[in-house]
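Data first, discussion second: the structure below is written as structure tokens.
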Amino acid sequence: MKTKRLLTLLVLALVVATCLYLVGCGKCKHPELEITVVSKPTCTTDGVTNYVCSSCGYTETKTTPKLSQTGHNYVDGICTVCNFLAPSTSDLDFTLNDDGNSYTCTGIGSC
């Protein structure tokens with residue numbers, strides 16, 4: 001009877017230990033984080049970055065503070081801090097492309 005009880009406790013301990021290992025029990029050091037930049041910070045908006053641990057599934061979202069507390073500093077129509085184009089008073093419209101480095105200009109007519 002004692003042997004059966006001891007065996008049952010041993011199996012139960014093994015199951016609990018396995019579950020804790022699989023869940024991570026908060027001991028994962030997150031060795032392989034997949035980092036996704038959702039949006040880069042500008043002078044007027046915060047940036048957002050997502051982190052996902054491929055080992056335990058842990059996820060976290062962090063905010064990067066905006067680059068300036070005073071807003072854009074435009075020189076010749078381009079912000080000197082974040083390269084944002086100044087709003088135009090003409091019929092031209094500039095849209096930041098997905099690469100985050102170039103713009104598409106519309107409203108210039110057609111050939």
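The values are calculated or read from the model by the stated rules, or taken from the named source; none is laboratory data. Note that the coordinates shown come from a computational prediction; the quantities given were computed from them, not determined experimentally. Reconstructed Cβ throughout: ideal geometry from the backbone, glycine too, with neighbour counts over all protein chains shown. SASA here: full protein model, heavy atoms, side chains in, ligands and nucleic acids out. Shrake-Rupley method; radii C 1.70, N 1.55, O 1.52, S 1.80 Å.
Observations
- Chain lengthening between Leu96 and Asp46 when straightened (0.36 nm per residue, less Cα-Cα): 16.4 nm
- Once the gyration tensor of the Cα atoms in segment 42-111 is diagonalised, the equivalent ellipsoid follows with semi-axes of 32, 18, 8 Å, ordered largest first.
- Extending 7 Å from the Cα toward the beta-carbon at both Ser55 and Lys27 defines two label points whose distance is 1.2 nm.
- Taking the 1.4 Å solvent-accessible surface of segment 29-78 as the whole, the part contributed by carbon and sulfur is 51%.
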